[in-house]
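Have a look at the structure below, then the notes.
Please treat every number below as a calculation from the coordinates, not as lab data. Predicted model only: the values in this text are computed from it and were never measured. Cβ coordinates were reconstructed from backbone atoms using ideal geometry, including for glycine residues, and neighbour counts include every protein chain displayed.
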Amino acid sequence: MLSLSEGHDILDAMNRNRIGALLTLTGGMCWGISGCVGQYLFSTKGMSALWLVPIRLFGAGILLLLYYLIKEPHLLFGMWKTKGNACRMLVYGILGISCSQFTYFLTIQLSTAGTATILQDVSPVIILGIVCFQEHRRPMFLELCAVVFAFTGVFLLTTHGNVRNMYPNQVLCASRDKNIRNQMQAYRCKIRKPPTNVRSL
């Protein structure tokens, strides 16, 4: 039979698992909401990803600094005492966090939040390539199947199974097409406008 201490340990582990699952679900919901809010700011308020991403990361950084400054201040400055950890933190912050956030919201600005989410879900393929390169091996069969399923899912979601629906301007040329439409609309208004120098007969 289990002792009292072992029973408490099992209950604590179950509670931690439940809290972890709840936090994971909450984080996914907040991430999805952030994409929708970003699309609203871009399409309605005329904001830009160059403005939104720095403000967003700066605010999150301030909150994290305040949290660790109150709860665990030794962890806040401990990572900077080692040169290797400091370099890895800078590289991860610039290339890992800032670039991924900027490209994600820039895709939302140029297309939609759904398109950006679908494209981001293919990112494990890049991670798989990096791991295979570091370990000097080829992808395993199950890994190749996962890659094929990922790209198949992206294809079906973006084209609904019809190749004719796959247009590159959905991600890359959205802003250019918008400018072209605005110019064409202005040109049509200019044509319809009657000349002012014609005298009435």
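Points worth noting:
- Taking the criterion of being surrounded by 12 or more Cβ atoms within 10 Å (Cβ to Cβ) and either assigned to a helix (DSSP H, G or I) or hydroxyl-bearing (Ser, Thr, Tyr) (or both), the residues of segment 124-148 that qualify are Pro124, Val125, Leu128, Gly129, Val131, Cys132, Glu143, Leu144, Ala146, Val147.
- Single residue of segment 102-123 satisfying the filter (touching a Gly at 6+ places or on another chain (Cβ under 9 Å) and among the aromatic types (Phe, Trp, Tyr)) that is surrounded by the most Cβ atoms within 10 Å (Cβ to Cβ): Phe105
- Meets criteria (within 17 Å of Gly32 (Cα to Cα) and assigned to a helix (DSSP H, G or I)) for Ala116: yes
- Only one of the numbered conditions (1) among the hydroxyl-bearing types (Ser, Thr, Tyr); (2) in contact (Cβ under 8 Å) with a residue 60 or more places away in the chain; (3) under 19 Å from Ser123 (Cβ atoms) is not met by Thr103, and that is (2).
- Residue match in segment 85-101 (condition: surrounded by 12 or more Cβ atoms within 10 Å (Cβ to Cβ) and touching a Lys or Arg at 6+ places or on another chain (Cβ under 8 Å)): yes
- Qualifying residue in segment 95-109 (condition: over 13 Å from the mean Cα position of the chain (by Cα) and within 30 Å of Leu144 (Cβ to Cβ)): yes
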